[in-house]
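The values are calculated or read from the model by the stated rules, or taken from the named source; none is laboratory data. These figures come from a predicted structure and were not determined experimentally. In this analysis, Cβ positions are derived from the backbone assuming ideal geometry, glycine residues included, and neighbour counts consider all displayed protein chains. Calculation scope for accessible area: heavy atoms of the full protein, side chains included, ligands and nucleic acids excluded. Shrake-Rupley method; radii C 1.70, N 1.55, O 1.52, S 1.80 Å.
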There are 2 protein chains.
Amino acid sequence: MTRLVPELLRRRLPILDWGPEYSRQAFAGDLVAAAIVTIMLIPQSLAYALLVGLHPQVGLYASMAPLVLYAIFGTSRALAVGPVAVASLMTAAAGQVAAQGSPEYLGAAIALSTVAGVLLIVMGALRLGFLANFLSHPVVSGFITAAAVQIAAGQLGALLGASSKGESLLEILHSLVPSLGKINPVTAAIGIAGVGFLLWARGGLKPLLLGMGVGDRAADIVSKVAPAMVIVATTLAVWGFDLKARSVAILGTVPGGLPAIALPPIDVSLWTKLAVPALLVCIVGYVESISVALTLAAKRRQRVDPDQELIALGAADLGSAVSGGFPVAGALSRSVVNFDAGAQTPAAGASTAVGVAIATLFLTSLLLYLPKAALAAIIIVAVLSLVDIGAIRRTWAYSRTDFAAMIGTIVVTWLDGVEAGLVVGVGLSILLHLYKTSRPHVAVVGQIPGTTTFRNVERHAVVTDPEILSLRVDESLYFPNARLLEELVNDAVAANPAIRHVILECRAVNTIDVSALESLEAINHRLADGGITLHLSEVKGPVMDQLKRSHFLQALGGKVHLSHYDAVASIKPELAKSTRAAPRAVAGSAAGVESGRPSQPE
Amino acid sequence: MTRLVPELLRRRLPILDWGPEYSRQAFAGDLVAAAIVTIMLIPQSLAYALLVGLHPQVGLYASMAPLVLYAIFGTSRALAVGPVAVASLMTAAAGQVAAQGSPEYLGAAIALSTVAGVLLIVMGALRLGFLANFLSHPVVSGFITAAAVQIAAGQLGALLGASSKGESLLEILHSLVPSLGKINPVTAAIGIAGVGFLLWARGGLKPLLLGMGVGDRAADIVSKVAPAMVIVATTLAVWGFDLKARSVAILGTVPGGLPAIALPPIDVSLWTKLAVPALLVCIVGYVESISVALTLAAKRRQRVDPDQELIALGAADLGSAVSGGFPVAGALSRSVVNFDAGAQTPAAGASTAVGVAIATLFLTSLLLYLPKAALAAIIIVAVLSLVDIGAIRRTWAYSRTDFAAMIGTIVVTWLDGVEAGLVVGVGLSILLHLYKTSRPHVAVVGQIPGTTTFRNVERHAVVTDPEILSLRVDESLYFPNARLLEELVNDAVAANPAIRHVILECRAVNTIDVSALESLEAINHRLADGGITLHLSEVKGPVMDQLKRSHFLQALGGKVHLSHYDAVASIKPELAKSTRAAPRAVAGSAAGVESGRPSQPE
């Protein structure tokens, strides 16, 4: 069957790969996983819709079509797509082009999902998935930690019956603090109890169930649906004790029925306005999704195609847009549960969509008395699990530049919002990397006596010759560090009048760009003016190929030597000759070098 | 004497180094050089002032104090500071905050010089000279070529008696073309004759003088003062034939007398507006200056301190500002003449300033009949010598990415002006570099039979083992390429079910950042899930030091081996053991490896 389908079509429609071989057994696994994920997804989708600032049913709308489309286009067999916390927060930030609660606000969310979908598909078609790589780990990790804290703070108002609004942590705290006097005690009790139960459920529920004789996997899964228990319990409590009369904010009427499918309105000026936020939403969503997908795929040695994933997530966003939803992504927690519960194919996602559709058709009336504080509790506990203090500590220990990029991202996110935080983070990590490579590690090297090996004179007992300067640069030579090399060589030669040969060891040089080439030419030229010869050693194949396309090798005073040892060995006799003509006191150290073994085939 | 002066003061005031030892002989050399440079500088300073859009005397003002200050603070013994073409064009572009010809326009030029001076001094004090390195050679070269063509086009109006104005080549051509019908034939005759003479003087004057028995150096220098001859000849012609009556635009009254020294007015809002243009002016000026200074210093094995040069050029800009001038820099042509004519110390610059002062006091009345077309001719010929088509061709041959950055700079400069051109150029070169390193060269390596050397399986006849995957990455591992490595390893392992060990050879890896560390951890983890062991080989000292500060080495399934040969050699026996337990057909290729010589001390 699969042989008959052209290769490109099969790559673009992975369902053609697994669909024809879909077995009853796989269906059983998918169905169990889908049932559990559905129970997780319903409260989360309601909560994330509120987080965006939309009516709760919009969250349900974003949990149907996207899942079906991902099942058709996606290459991961376990990724659970739908509303996620960080993308929802970013949607809320981007939605500020309209007043929250207005039809234009929903329109902006739909437009954002449309633009994000189109961008993802274009990136996929052009194989631009590598763009996501420019979000470095420390920036993503710092951003998610900062966003999680900010989301949690933003939910404190709903949790306590106070108010907290704003695009940055600063603004949220600014609105929250004055309203703390107006806390609704009943709401706060529900909210705090919800948070308490959910936190306990993470660590305590599973051992309890195990103690009650429940099987390990079942206990694991039941503890994951704790949010659904909170929903049921708090809804019953509000209804039973008529807490609405005590001013507890409830979800109210959630209209049932499936979403109307409609093409999003074409609004080029709005789309242009949302282009940058959409790019950020879709890249962050993609990075989250692909990380989870790769991790889960590796456990079963399955393949994930990163470029096809762009297309699949783009289709999911477009699916959300046409059914009146907001941007979606692959969810960390639900994907892991999906995988653990035995999902075999993307059909599990489609079955989840059916589950959500059934709930949307028949169960929304039960949500009337659901207290908003319970949803706030679910969001807070979900996002706080994303806060990764350990990552901050590990990054500090490992690299100060990565740490600086991370902290910059966090601070700017908190002070100025999610978009500024991401943009500053990416900019910082690029600039800090360039800064680092602009000051490469450069060592003067000498020969380890009795070997053909040359090492740093400061770390090893080595033999050097006063007339030969051997330099090893531990970095590609390119524009940020090209002129530094000129200065280094200039200074070294000015400080040591005896030097008559300079050899650059290039084994760590992966590229030489035009700037560095011009610097090398300048160095060669200036050294020649001062009667000094420049040599290169251990130049890599691809770099040598490139140098051959320039005039540098013709102009080079010395030669390009295969190994550093060869370089020194071939210079020695020359020096000796001219030394006889005008004797100099170099014999002692020269002897050490000459006792070295002949060059190895390297 | 020099021993008594503290080190820092001596570094900050290089005059303390050479001043106390200043000899009569050095003075003689400096004086000759100064006289020649003065004759070059006077017409150039008038012309560049007109290029900025200021009164000609402002050019003279910018040619006194800056030279004296550079003599005190500068470390180059030959750099001739003063008005230069590219900085003048950039000043004209930045001056657009006010109407050309208005007092506010002069104020903007002075403010630009002030801000540029302060920025340079701050950069020097903070040792931020490396920032200039982010202007790559192709970007600078492309920018100067583009600016030169644009400056020349902008002068065509004055040269022909037509009109040409604008901030970009596009705008200039747009204003020039309709005015070509209104060319003043007499003006055009003077202008074209001037250009013709100057072009001929470059190649033809020196041989002619040599043929007349003039000495080589004298002939060389006389051919460099051709612009002064043009000035004298055309002024006499305009005066003698009363060409003013034929509508030839003349310079008019140039007020004599030295500039009033005054602190520039403090105008924070104007300074803020000019911050970016000032940064660009001062960095471009610095790059030009330091290139010339380093080249000339190398010829006599002298030192130039790049950070002190920032301070010296900053002082020069501030000197220009307080005497009512515009930003200055080290001039390529005048510096070379200064050097060739025998300048020994920065005192030559100070003497040049005295020469300009004398001219400003006594000779400005002679400039009344100087035709503007003559100055236009001088500018055109001067800047066209900066056009470097060869550099474009060489860059194309050498590197497509560098070529793209260069062409991007040129095109944007012509379409949108000098500032946009530079900013786009820097952005492009950074992005293209990141793109290149995001797709590093990765080779599967195998052992060259009978050696300890491992090489690319696609380039060499090597021996590999189906159960061992040896990968060499020719790039530092950092965020743009971190995830690529994950995908590569994932795909390779998914495609070869026999693989049981993966070894990454790291000799070309100069750094591993946090993103790459997390990717390595993910790779290690996923491989372990699939029953495969990850090893590293040939990890460099500084990288190893960093890895030791993480938990990676504890989590690593395999080991870090000193050489790739060691790695394969230590894995073999393990494989052999488990192969005996469950035999596999690997003996053939394994034999090749085992016949290899023992590991060398590397």
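Of a type in the set (Asp, Glu) and either within 13 Å of another protein chain (Cβ to nearest Cβ) or on the phi > 0 side of the Ramachandran plot (or both): is that true of A:Glu458 in this structure?
yes
Does A:Val254 satisfy the criteria of being at pLDDT below 90, more than 36 Å from the chain's Cα centre (by Cα) and open to solvent by less than 30 Å² (accessible area, probe 1.4 Å)? Break it down into steps so the answer makes sense when it comes.
On the way: at pLDDT below 90: yes; more than 36 Å from the chain's Cα centre (by Cα): no; open to solvent by less than 30 Å² (accessible area, probe 1.4 Å): yes.
For A:Val254, the condition - at pLDDT below 90, more than 36 Å from the chain's Cα centre (by Cα) and open to solvent by less than 30 Å² (accessible area, probe 1.4 Å) - is not met.
Determine the pairs where a residue that is facing chain B (nearest Cβ under 9 Å) and part of a loop (DSSP other than H, G, I, E, B), located within the stretch A:114-143, has a partner that is at pLDDT below 90 and open to solvent by 30 Å² or more (accessible area, probe 1.4 Å) with Cβ atoms under 9 Å apart, the partner being 6 or more residues away or on another chain.
Final answer for the pair search is A:Leu135/A:Val426; A:Ser136/A:Val426.
Can you name the residue in the stretch A:489-513 that is more than 32 Å from the chain's Cα centre (by Cα) and over 25 Å from B:Gln302 (Cα atoms) and is also farthest from the other protein chains (Cβ to nearest Cβ) among such residues?
Here the residue is A:Glu505.
Considering only the stretch A:508-541, state which residues are aliphatic (A, V, I, L, M), closer than 27 Å to B:Val442 by Cα and either touching a strand residue (DSSP E or B) at 6+ places or on another chain (Cβ under 6 Å) or surrounded by fewer than 18 Cβ atoms within 10 Å (Cβ to Cβ) (or both).
Passing the criteria: A:Val509, A:Ile512, A:Ala516, A:Leu536, A:Val539.
Output the qualifying pairs, or none if there are none: Cβ atoms under 8 angstrom, residues six or more apart or on different chains, first residue in the stretch A:519-539 and facing another protein chain (nearest Cβ under 9 Å) and of a type in the set (S, T, N, Q), second residue open to solvent by less than 20 Å² (accessible area, probe 1.4 Å) and not in a strand (DSSP E or B).
Pairs found: A:Ser519/A:Ala482; A:Ser519/A:Leu485; A:Ser519/A:Glu486.
Every residue in the stretch B:438-452 that is open to solvent by less than 40 Å² (accessible area, probe 1.4 Å) and facing chain A (nearest Cβ under 8 Å), please.
Correct list: B:Ser438, B:Pro440, B:Thr451.
Given (1) open to solvent by 20 Å² or more (accessible area, probe 1.4 Å); (2) within 11 Å of another protein chain (Cβ to nearest Cβ); (3) in a helix (DSSP H, G or I); (4) not aromatic (Phe, Trp, Tyr), where does B:Met544 come up short, assuming only one miss?
Failed condition: (2).
Name the residue that is nearest to the chain's Cα centre (by Cα), counting only residues in the stretch B:454-463 that are β-branched (Val, Ile, Thr) and buried (at least 19 other Cβ atoms within 10 Å of the Cβ).
The qualifying residue nearest to the chain's Cα centre (by Cα) is B:Val462.
Name the single residue that is nearest to B:Glu538 (Cα to Cα) among those in the stretch B:555-565 being in a helix (DSSP H, G or I) and open to solvent by less than 50 Å² (accessible area, probe 1.4 Å).
B:His564
State the number of residues belonging to the stretch B:395-434 that are in a helix (DSSP H, G or I) and more than 12 Å from every other protein chain (Cβ to nearest Cβ).
Final tally of qualifying residues: 17.
Please identify the pairs in which a residue from the stretch A:252-278 that is under 29 Å from A:Leu367 (Cα atoms) has its Cβ atom under 7 Å from the Cβ atom of a residue that is of a type in the set (Gly, Ala, Ser) and surrounded by 12 or more Cβ atoms within 10 Å (Cβ to Cβ), counting only partners at least 6 apart or on another chain.
From residues that are under 29 Å from A:Leu367 (Cα atoms), the pairs are A:Leu258/A:Ala357; A:Pro259/A:Ser323; A:Pro259/A:Gly324; A:Ala260/A:Gly324; A:Ile261/A:Ser323; A:Pro264/A:Ala111; A:Pro264/A:Ala321.
For the stretch B:1-87, which fully contained helices (runs of 4 or more DSSP H) count at least 2 residues that are under 30 Å from B:Thr235 (Cβ atoms)?
Helices (runs of 4 or more DSSP H) meeting the threshold: B:24-52, B:56-61, B:65-73.
Would you be able to tell me the number of residues in the stretch B:292-307 that are crowded, with 20+ Cβ neighbours inside 10 Å and either more than 10 Å from every other protein chain (Cβ to nearest Cβ) or assigned to a helix (DSSP H, G or I) (or both)?
Number of matching residues: 8.
If a residue must be of a type outside the set (Phe, Trp, Tyr), open to solvent by less than 10 Å² (accessible area, probe 1.4 Å) and either assigned to a loop (DSSP other than H, G, I, E, B) or more than 11 Å from chain B (Cβ to nearest Cβ) (or both), how many such residues does the stretch A:472-488 contain?
2
Inspect all residues belonging to the stretch A:401-420 and state whether any of them is touching a Lys or Arg at 6+ places or on another chain (Cβ under 9 Å) and closer than 30 Å to A:Asn133 by Cβ.
Yes, that holds for at least one residue.
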